[in-house]
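Structure first, then comments.
The values are calculated or read from the model by the stated rules, or taken from the named source; none is laboratory data. On a predicted model such as this, the values are computed, not experimentally measured, just so you know. Because the Cβ atoms are built from the backbone with ideal geometry, glycine has one as well, and the counts that use them run over all protein chains shown.
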Amino acid sequence: MRNLAYGGALIAAAAFALAGCSSGATSTETAAISQAAAGGAAAGATANGTYVFLPKSLNNPYWVDARKGMEDQAAKLGVTAQFLGPDSDDAGQQVAIFEQILATHPAGIAVSPNDPASVKNIIDQAKAAGIPVIAWDGPVPDSAVQGYIGTDNVAAGAQEAEALASAMGGTGKVAVIIGSLSATNLNQRYEGLKQGFAKHPDIEVVATEESGESIADAQSKAETVLQAHPDIAGMAGISGSDLPGIVGALTAAGKCGTVKSVGFDVVPQGVQGMQAGCVDALMSQRPYGMTADALDILVDLNKGTSQLSENFNVDTGVEVVTPSTLETFMSSAPH
């Protein structure tokens, strides 16, 4: 998709600043919004508007590559895109930011929901206003989104289970750290994980802990699991913040290599953990390419030239990175 060309004019809508969206933005985004506001009528006169990506949070290292993919593709297409979300995994704050974004009438919105039910009403409002909205990274079932682009999370969870089972030799007790029990995509991964483990009768899931998409909380929960289950053989992280927390707990307990670990997303903490012998597999969702392709889709929807069917589902796939393939993966193009 990323070979599409689009010559739309640039804009960073001044209304973002007036609506208070900077509360969920980084300092760079806040500066950009303020600069747009200073542009006054010239900015407001631009025809095509700003595309907005609304992630679950900004504190998960997974979103770094996702933001980069959006930014690079926006530069290629000649459009403006913003990456705006709550500082932490918070459905209420995400809804508030979504409402502020909608008030600026952006050119298109890609949302990764913390709680799908919480954003359905705003998506209906966007549709009524003629604003394209797609689900990205996490689905919004039974809603008015025009489609979904991201990982087939059930299949990805099953792949994660196979990676951990292989590292464990097909036997032992497992603990799961999950970012949120209300996020559809994370629950889908967990379902896939359980389906995968069902093929290995000698593997038993003995604990499931919620981290709130926080590395610190993920580490605390993993430490609690290690104390409660000293014979644990493997740990699986479901969100991008979970494996870094698991690595911290295993390192502190001196159990790197003894307790096998796998998790989602090739984030710096996971890479460092793998290099230190503490991580056995990383599940790459290709976040860079996911947002780049999502922006292509939004631009086409805005122009009315999309060839995708209503309720489309674009699976961006998962790549399992192991210690033997890490160097090659890291030296390749952005994912």
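For this structure, a couple of remarks:
- Total residues in the range 25-58, condition in contact with a helix residue (DSSP H, G or I) (Cβ under 8 Å, 6 or more places away or on another chain), modelled with pLDDT under 95 and closer than 30 Å to G240 by Cα: 7
Matching residues to (1) more than 21 Å from T151 (Cα to Cα); (2) part of a helix (DSSP H, G or I):
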position: A252; (1), (2): yes, yes
position: M283; (1), (2): no, no
position: Y288; (1), (2): no, yes
position: A292; (1), (2): no, yes
position: L298; (1), (2): no, yes
position: T305; (1), (2): yes, no
position: P323; (1), (2): yes, no
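- Contact map, the range 287-310: first residue surrounded by fewer than 21 Cβ atoms within 10 Å (Cβ to Cβ), second residue at pLDDT 95 or above and among the hydroxyl-bearing types (S, T, Y), Cβ cut-off under 8 Å, separation 6 or more or different chains; pairs are D300/S306.
- For the range 120-139, the count of residues that are closer than 16 Å to T184 by Cβ, at pLDDT below 95 and either surrounded by 24 or more Cβ atoms within 10 Å (Cβ to Cβ) or in contact with a Lys or Arg (Cβ under 8 Å, 6 or more places away or on another chain) (or both) is at least one.
- Enumeration of residues in the range 59-81 that are more than 18 Å from G108 (Cβ to Cβ) and either modelled with pLDDT under 95 or in contact with a strand residue (DSSP E or B) (Cβ under 6 Å, 6 or more places away or on another chain) (or both): N59, N60, P61, Y62, W63, V64, D65
- Of residues in the range 149-158 being crowded, with 21+ Cβ neighbours inside 10 Å and not small (G, A, S), the one nearest to T316 (Cα to Cα): T151
- Check on T316, among the hydroxyl-bearing types (S, T, Y), crowded, with 18+ Cβ neighbours inside 10 Å and at pLDDT 95 or above: no
- Hits in the range 118-143 (condition: more than 18 Å from the chain's Cα centre (by Cα) and assigned to a helix (DSSP H, G or I)): K120, N121, I122, I123, D124, Q125, A126, K127, A128
Each row is one residue, and each column tells you yes or no for (1) more than 24 Å from Q188 (Cα to Cα); (2) at pLDDT 95 or above.
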site: V262; (1), (2): no, yes
site: G270; (1), (2): no, no
site: S284; (1), (2): no, no
site: D300; (1), (2): yes, yes
